[in-house]
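K.L.:
Take a look at the following structure, please.
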Amino acid sequence: MSASRPVRVALIDNFEVSSVGLRSMLTSYASRVILLDPRAALERPATVDVVLYEPARQTPSSQGMLRDLVRGSGAVAAIYSWRDPDGDSTRGSFAVHLSKALPVADLVNAVEALHDGGEVASLRRIPADPGPLAVIDRSVQGAHELTPREAEILALVTQGLTNSEIGAQLYLSINSVKTYIRAAYRKIEVTRRAQAVAWGMEHGLAPLAEMRQGASSGRDEDDERPLVGQAPAGF
């Protein structure tokens with residue numbers, strides 16, 4: 001970057017931990033990128049070079065702030081989120097999607113490239129998650145034709161998360177979670193949650209200790225009903 005001053009970034013994000021965390025991460029890169037207070041930036045939009053935006057949990061007020069800030073500053077804007085951009089209706093006209101999983105050095109490089117009008121296409125996709133999918137044998141996943149999302153959700157089901165907890169963790173609606181679960185159940189040829197958990201244990205999706213604990217907890221009582229016709233209320 002040839003500019004003599006750091007790139008000035010405004011973050012529109014209703015999760016306080018995100019702004020505090022990002023400010024802390026950028027401390028070591030203060031000569032290259034600085035994070036502005038969004039309200040102060042709105043009062044002086046000409047000071048803003050790049051706007052980062054988290055679509056989750058936005059309110060009409062924060063959406064208006066984003067709109068006014070982008071219009072007033074003319075700055076380039078990018079989504080900065082945990083969400084997978086594939087099929088994400090909140091993406092709208094944003095050309096770039098930066099993952100919150102990016103190491104800070106990569107994020108700084110991306111922000112500078114955005115400011116300079118450079119190409120950041122390689123950072124539009126969220127990096128591979130080393131979490132639940134890491135324990136799924138790829139040959140098993142391929143044999144059952146599970147998509148990465150279906151396999152991830154099966155792993156979370158096996159680890160004992162409820163549908164609501166899965167949706168909150170993956171930023172999916174409860175209906176989307178149910179749809180993925182039904183598709184996964186068909187592929188692994190099970191009809192009940194307990195059967196899916198047993199399948200997951202067999203294929204290494206959770207430690208044996210968790211299987212024993214789940215078997216004695218009685219948590220799956222409402223999930224013993226088969227998935228035929230209309231989904232049960234607790235599904």
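The values are calculated or read from the model by the stated rules, or taken from the named source; none is laboratory data. All figures in this text were calculated on a predicted structure; none of them were measured in a lab. Cβ coordinates were reconstructed from backbone atoms using ideal geometry, including for glycine residues, and neighbour counts include every protein chain displayed. Calculation scope for accessible area: heavy atoms of the full protein, side chains included, ligands and nucleic acids excluded. Shrake-Rupley method; radii C 1.70, N 1.55, O 1.52, S 1.80 Å.
K.L.:
Say we look at region 8-52 and pick out the residues that are among the small types (Gly, Ala, Ser) and open to solvent by 60 Å² or more (accessible area, probe 1.4 Å); which of these is farthest from residue 104 (Cα to Cα)?
P.N.:
Residues of region 8-52 among the small types (Gly, Ala, Ser): 10, 18-19, 21, 24, 28, 30-31, 40-41, 46.
Of the ones still in play, those that are also open to solvent by 60 Å² or more (accessible area, probe 1.4 Å) are 24, 28, 31, 46.
Details: 24: 10, 28: 10, 31: 14, 46: 25 Å.
Among those that are among the small types (Gly, Ala, Ser) and open to solvent by 60 Å² or more (accessible area, probe 1.4 Å), it is 46.
K.L.:
Take region 2-21 and flag every residue that is touching a residue at least 40 places away in the same chain (Cβ under 8 Å) and in contact with a strand residue (DSSP E or B) (Cβ under 6 Å, 6 or more places away or on another chain).
P.N.:
7, 8, 9, 10, 11, 12
K.L.:
Can I ask one more? Evaluate region 211-233: report whether one residue or more is surrounded by 15 or more Cβ atoms within 10 Å (Cβ to Cβ), within 17 Å of residue 147 (Cβ to Cβ) and either at pLDDT below 85 or of a type outside the set (Phe, Trp, Tyr) (or both).
P.N.:
no
K.L.:
Right, next: Among (1) within 26 Å of the chain's Cα centre (by Cα); (2) of a type outside the set (Gly, Ala, Ser); (3) modelled with pLDDT of 90 or more, where does residue 55 come up short?
P.N.:
(3)
K.L.:
For the subset of region 70-128 comprising residues that are of a type in the set (Val, Ile, Thr), under 17 Å from residue 12 (Cβ atoms) and modelled with pLDDT of 65 or more, which member is nearest to the chain's Cα centre (by Cα)? Write out each step before concluding.
P.N.:
Looking only at region 70-128, we keep the residues that are of a type in the set (Val, Ile, Thr), and these are 70, 76, 79, 90, 96, 104, 108, 111, 120, 126.
After this cut, where a residue has to be under 17 Å from residue 12 (Cβ atoms) as well, the list is 70, 76, 79, 90, 96, 111.
Within this subset, residues satisfying the condition of being modelled with pLDDT of 65 or more are 70, 76, 79, 96, 111.
Values: 70: 24, 76: 22, 79: 11, 96: 15, 111: 19 Å.
By that ranking, first place goes to 79.
K.L.:
Going by the conditions given, is residue 69 in contact (Cβ under 8 Å) with a residue 40 or more places away in the chain and open to solvent by less than 60 Å² (accessible area, probe 1.4 Å)?
P.N.:
Details: in contact (Cβ under 8 Å) with a residue 40 or more places away in the chain: yes; open to solvent by less than 60 Å² (accessible area, probe 1.4 Å): yes.
Yes; evaluated as a whole, the condition is true for this residue.
K.L.:
Okay, moving on. Just give me the residues in region 11-48 being of a type outside the set (A, V, I, L, M, F, W, C) and part of a strand (DSSP E or B), in sequence order. Spell out how you get there, then give the answer.
P.N.:
Just the residues of region 11-48 that are of a type outside the set (A, V, I, L, M, F, W, C), to begin with: 13-14, 16, 18-19, 21, 23-24, 27-29, 31-32, 37-39, 43-45, 47.
Correct list: empty.
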